[in-house]
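As structure tokens, the structure follows; a few thoughts come after it.
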Amino acid sequence: MLIDRNISLKPYNTFGLDVAADYLTHIRHPEDLKEVFTNKKFQLMKKLILGGGSNILLTRHFGGLVIKMEIAGIEVIEENDETVLVKVGAGENWHQLVLWAVENGLGGIENLSLIPGTVGAAPMQNIGAYGVEQESVFHSLEAYEVESGKSTRFYKEDCSFGYRYSAFKGPLKEKYIITHVYYRLTKHPIYNVSYGNLKATLDEMGVEELSLSDISQAVINIRQSKLPDPSEIGNAGSFFKNPVVSKEHYQSLVAAYDEVPGYEINEAEIKVPAAWLIEKASWKGYKRGEIGVHSKQPLVLVNFGKGQGQAIKMLSEEIQKSVADKFGIELETEVNII
Ligand code: EPU
């Protein structure tokens, strides 16, 4: 077992926060987990499972063991005329999987290009972008059960996927560690370019006949133009979820502010972009020392370099309060605050 002691987590979180942990171990095989969990020294210690570190805000020293998931491998398990079933190690980089799929002519995840993080973290919060969520291609996953040390298979219906949600964030939280994910990709892709300016971007690119690589490239272009690159400016993507409000509440907002964007979820509810609410509450581009609110996408909080997690947390609470005061809407965080 490889163990680092008193180690800075700065390279392991996309906010680039310089917070240390007592111990860190690298997991390259599911069996490594057993070794960690049966080791007397680590048994009672607090543990933090880390994928790409792209959805966490570290606010203080971590007094425990960080378990860094690095299980690798992209393996075709099954293939027929229509689809391919692929088994992917939890530690694989998500975007590398997307590129692999695109290169092999396999559709289903091209709209999810350039999402930071690892494959093991993808089902955890059911990542999504540009009208697609990972659940649409998800087949199953294997997870290490902490209590028994056994590997368990979960199928789609076991995962309760929702908007940025799965059972692994709910009732199964901290009980399982995802080691492999199975995706069913298609050889005959159905392109989905209806979200926002995806079609317009493809037109600008001069694309006439759609292909997986053009869609992937268009998504990459949009993301690069709007979202800060974590290797340049620390961030964890959307900091908040888009809130869902009742139709009555939405209508009262429309009465007060003419054009309120909103997407109907069902007959009674509307999803309102948190970015719009935060912008209207005057936070877009806000800067406070080393931290702030991104100038092109206010849903993203940023660390310009030497910012502190605690300061980002305080800023996020101020944003929540001002949005609640102005619109009567409680913003929920998407990022895990540790
Ligand atoms: N908007 C503003 N001001 C802005 C930016 C956006 O008012 O500065 C409003 C506009 O009305 C715009 C709407 O917000 O039409 C939606 O904006 P965008 O398409 O950028 O998407 P989003 O709802 O803000 C979500 C995801 C992103 C994902 C995009 C694209 C959440 C919490 N975030 O953002 O995911 O990339 O859609 O699909 O659902 C992430 O999870 O880390 C993430 C980046």
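Considering Thr14, Thr25, which residue is closer than 21 Å to Leu58 by Cβ, modelled with pLDDT of 95 or more, among the hydroxyl-bearing types (Ser, Thr, Tyr) and outside any loop (DSSP other than H, G, I, E, B)? Please lay out each step first, then the result.
Numbers: Thr14 fails: outside any loop (DSSP other than H, G, I, E, B).
After ruling out the rest, the residue left standing is Thr25.
Taking residues in the range 121-142 that are over 14 Å from Ala90 (Cβ atoms), and partners anywhere that are of a type in the set (Val, Ile, Thr) and assigned to a helix (DSSP H, G or I), the pairs with Cβ atoms closer than 6 Å and at least 6 places apart or on different chains are Tyr130/Val219.
Check whether at least one residue in the range 294-304 is without any contact (Cβ under 8 Å) to a residue 40 or more places away in the chain and out of contact with any Leu (no Cβ under 6 Å at 6 or more places or on another chain), and report yes or no. Quick ask: steps written out before the conclusion?
First pass over the range 294-304, keeping only residues without any contact (Cβ under 8 Å) to a residue 40 or more places away in the chain: 295, 298.
In the following step, the residues that additionally are out of contact with any Leu (no Cβ under 6 Å at 6 or more places or on another chain) were identified as 295, 298.
Checked against the condition, which is being without any contact (Cβ under 8 Å) to a residue 40 or more places away in the chain and out of contact with any Leu (no Cβ under 6 Å at 6 or more places or on another chain), the range 294-304 yields at least one hit.
Check Ala129, Ala121, Ala72, Ala101 and return the single one that is open to solvent by 10 Å² or more (accessible area, probe 1.4 Å), in contact with a Leu (Cβ under 6 Å, 6 or more places away or on another chain), of a type in the set (Gly, Ala, Ser) and modelled with pLDDT of 95 or more.
Working: Ala121 fails: in contact with a Leu (Cβ under 6 Å, 6 or more places away or on another chain); Ala72 fails: in contact with a Leu (Cβ under 6 Å, 6 or more places away or on another chain); Ala101 fails: open to solvent by 10 Å² or more (accessible area, probe 1.4 Å).
Only one candidate passes the filter, namely Ala129.
If I ask for residues that are within 16 Å of the ligand (Cβ to nearest atom) and assigned to a loop (DSSP other than H, G, I, E, B), which ones from the range 173-201 would you list?
Kept after step one, since they are within 16 Å of the ligand (Cβ to nearest atom), are these residues of the range 173-201: 191-201.
Hits for the range 173-201 are Tyr191, Asn192, Val193, Ser194, Tyr195, Gly196, Asn197.
Across the range 277-307, the number of residues qualifying as open to solvent by 10 Å² or more (accessible area, probe 1.4 Å), within 21 Å of the chain's Cα centre (by Cα) and away from the ligand (no atom under 11 Å from the Cβ) comes to 1. Just a yes or no: is a residue in the range 180-200 among the β-branched types (Val, Ile, Thr), open to solvent by 40 Å² or more (accessible area, probe 1.4 Å) and farther than 22 Å from Val119 by Cα? Yes. Checked against the criteria, Lys40 counts as surrounded by fewer than 24 Cβ atoms within 10 Å (Cβ to Cβ) and modelled with pLDDT under 95.
If the condition is being open to solvent by less than 20 Å² (accessible area, probe 1.4 Å) and more than 10 Å from the ligand (Cβ to nearest atom), then the range 265-276 contributes only Ile270.
Within the range 307-337, being under 19 Å from Gly53 (Cβ atoms) and in contact (Cβ under 8 Å) with a residue 40 or more places away in the chain holds for Gly307, Gln308, Gly309, Gln310, Ile312, Lys313, Ser316, Thr333, Glu334, Val335, Asn336, Ile337.
Sort through Ile291, Ile215, Ile265 and tell me the only one that's among the hydrophobic types (A, V, I, L, M, F, W, C) and in contact (Cβ under 8 Å) with a residue 40 or more places away in the chain. Spell out the reasoning first.
Values: Ile291 fails: in contact (Cβ under 8 Å) with a residue 40 or more places away in the chain; Ile265 fails: in contact (Cβ under 8 Å) with a residue 40 or more places away in the chain.
Selected residue: Ile215, the only one of Ile291, Ile215, Ile265 that is among the hydrophobic types (A, V, I, L, M, F, W, C) and in contact (Cβ under 8 Å) with a residue 40 or more places away in the chain.
The residue of the range 162-172 that is surrounded by the most Cβ atoms within 10 Å (Cβ to Cβ), among those that are away from the ligand (no atom under 16 Å from the Cβ) and in a helix (DSSP H, G or I), is Phe168.
The values are calculated or read from the model by the stated rules, or taken from the named source; none is laboratory data. Bear in mind that the values here come from a model prediction, so they are computed numbers and not experimental data. Reconstructed Cβ throughout: ideal geometry from the backbone, glycine too, with neighbour counts over all protein chains shown. We work out accessible area using only protein heavy atoms, side chains counted, and drop any ligands, DNA or RNA first. Shrake-Rupley method; radii C 1.70, N 1.55, O 1.52, S 1.80 Å.
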